[in-house]
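One structure below.
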Amino acid sequence: MPRACRGAKITKLKSNRGAAKRFRAAGKSASGKTRFKCGSAKRRHQMTCKSTQMKRHARGGFTVRDEDTGRVEQMLPYA
């Protein structure tokens with residue numbers, strides 16, 4: 001047996017670290033795809049100049065849209 005084949009391991013897939021910090025798995029949808037949760041945008045800084053309504057609407061968590069789920073799944077292979 002050649003040396004290269006002995007004990008050969010399949011390499012692990014890397015997660016996109018930026019995506020790993022922004023999305024987390026939230027179960028499966030009816031179609032069998034993984035659903036992902038994400039935070040809302042524009043909530044990091046300069047909150048004093050933003051309207052109360054804007055801050056209130058951005059308060060809850062959101063799920064990733066169906067058309068973007070495939071891209072997120074590709075970036076997070078083990079989610």
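Out of Glu67, Glu73, one residue alone is among the acidic types (Asp, Glu) and in contact (Cβ under 8 Å) with a residue 24 or more places away in the chain. It is Glu73.
Here is the figure for region 44-73: residues that are touching a helix residue (DSSP H, G or I) at 6+ places or on another chain (Cβ under 8 Å) and exposed (fewer than 13 other Cβ atoms within 10 Å of the Cβ) total 1. Selection of first residues in region 1-25 that are more than 18 Å from Arg44 (Cβ to Cβ) and of second residues that are of a type in the set (Ser, Thr, Tyr) and at pLDDT 70 or above, restricted to Cβ pairs under 9 Å at least 6 apart or on distinct chains, gives the following pairs, ordered by first then second residue: Lys12/Tyr78; Leu13/Tyr78; Ser15/Tyr78; Ala25/Thr34.
The values are calculated or read from the model by the stated rules, or taken from the named source; none is laboratory data. Just so you know, these numbers come straight off a predicted model, no measurement behind them. Please note: Cβ atoms are built from the backbone with ideal geometry, for glycine as well, and neighbour counts cover all protein chains shown.
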